[in-house]
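Each value in this text was obtained by applying a stated rule to the coordinates, not by laboratory testing. What you see is a predicted model; the values in this text were computed from it and never measured. Cβ coordinates were reconstructed from backbone atoms using ideal geometry, including for glycine residues, and neighbour counts include every protein chain displayed.
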Amino acid sequence: MKLAHAQRPAQIDEERSLTRAADWTPEMSEAVAREAGVGLGPDAWKVILFARDEFARSGQTPGLRRISAATGVPITDLCQIFTKAPSKLVARIAGIPES
């Protein structure tokens, strides 16, 4: 399946997550977040960019504790920004595999 709001072609799986992290663009994050009802303020972008960098560096999707410790965004704030399964939503918006 192809992502409809992508400026360049990107494949997604049945859960609407990117199948290749390299296909990600910031515009894709904005579109996915909009669909999920998530506003992307400064803390959200800090989290998204950290999650992408950590995945690129280690090959693993960081969990909420690691994200919170590295970004300084408290877990309670992460849960308010990325409601409904925050770990999955962070990964989906960041265009990386779910942990």
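Points to keep in mind about this one:
- The ranking of V32, V90, V73 by Cβ neighbour count inside 10 Å, starting from the fewest, reads V73, V32, V90.
- Ordered by the number of other Cβ atoms lying within 10 Å of each residue's own Cβ, fewest first, S58, S99, S68, S29 fall into the sequence S58, S99, S68, S29.
- At R0 = 22 Å, FRET efficiency that the Cβ-Cβ distance of D43 and K84 yields, to 0.05: 0.80
- Global geometry of region 60-99, whether rounded, prolate or oblate, following the gyration tensor of its Cα atoms and the 1.5 cut on a/c: oblate
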